[in-house]
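The structure appears right after this line, and notes come after that.
The values are calculated or read from the model by the stated rules, or taken from the named source; none is laboratory data. Predicted model, so just to flag it, every value in this text is computed and none were measured. Reconstructed Cβ throughout: ideal geometry from the backbone, glycine too, with neighbour counts over all protein chains shown. Ligands, DNA and RNA are stripped out before the accessible areas are found, and what is left, the full protein with its side chains, is counted by its heavy atoms. Shrake-Rupley method; radii C 1.70, N 1.55, O 1.52, S 1.80 Å.
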Amino acid sequence: MTDGNAPPGAVTAEKCDVQDSKQSSEMDPEVEEQHKCATGETQPLQELEEVLHSAPRSCHHGDEVWPNLILGDMYGLWQLDITHVLNAAHGKLCCKGTDDFYGTTVKYYGVPANDLPTFDLSPFFHPAAMFIHQALTSGGKVFVHCAVGVSRSAALVLAYLMIHHRLSLLSSIRCVQQKRWIFPNRGFLQQLIYLDQKLQEERLKQP
């Protein structure tokens, strides 16, 4: 299906440089934000939008935002040696993905999301995160996309990092921003904030 080469200009995979929460009191503002999130303080919606706005607007058809996890638009698949596809715009006019469309060797998971603040993406957070997790732990290479690769698919990638790598929402955003510009719509951000709060509460209850 592909020659396995990354698209021109794509960034080589490296795990995100997430700051340890145990920092000294002399932290720069960016590290201090991450420290706040790591200690259970959820960022307000407006602050998260400012973080998203401040990032350089750099995107390719596919960017490797975590080892073997590529986030991109609907054109990025064909340049990558992909084993699993998560289509966050399943059934939409420009992304009518099916199992057959991606080839018989690719495992497919479709999320029929609309890129609207009123769409509830949260029921898909855990199933999509599990699909990505199982693919990566089995040695696969996952392509997560929607139409443009900055809102629906980005929100699902952020949820994966929060659920399976225990990153805060802010740290997850910072992580992905190192490789790709993203901007989930306001409704998705609010749902991710709620997920962040819920995950933090659950972890505080763990022995």
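Given the protein chains as shown and a 1.4 Å probe, how many square angstrom of E50 are accessible, to the nearest 10?
110 Å²
Give, in nm to one decimal, the length gained when the segment between L116 and K198 is fully stretched (0.36 nm per residue of separation minus the Cα-Cα distance).
Length difference between fully extended and current span is 27.2 nm.
Using the per-residue mean of other Cβ atoms lying within 10 Å as a proxy for protection, in what order, highest first, do the peptides 142-154, 158-170, 191-203 fall?
Output ranking for 142-154, 158-170, 191-203: 142-154, 158-170, 191-203.
Set the Förster distance to 30 Å, then compute FRET efficiency between Y75 and Q178 from the Cβ-Cβ distance, nearest 0.05.
Calculated transfer efficiency: 0.85.
Output ³J(HN,Hα) for region 156-162: one whole-Hz value per residue in order, computed from phi by the Karplus curve 6.51 cos²θ - 1.76 cosθ + 1.60 with θ = phi - 60°, and x for Gly and Pro.
5, 5, 4, 4, 4, 5, 5
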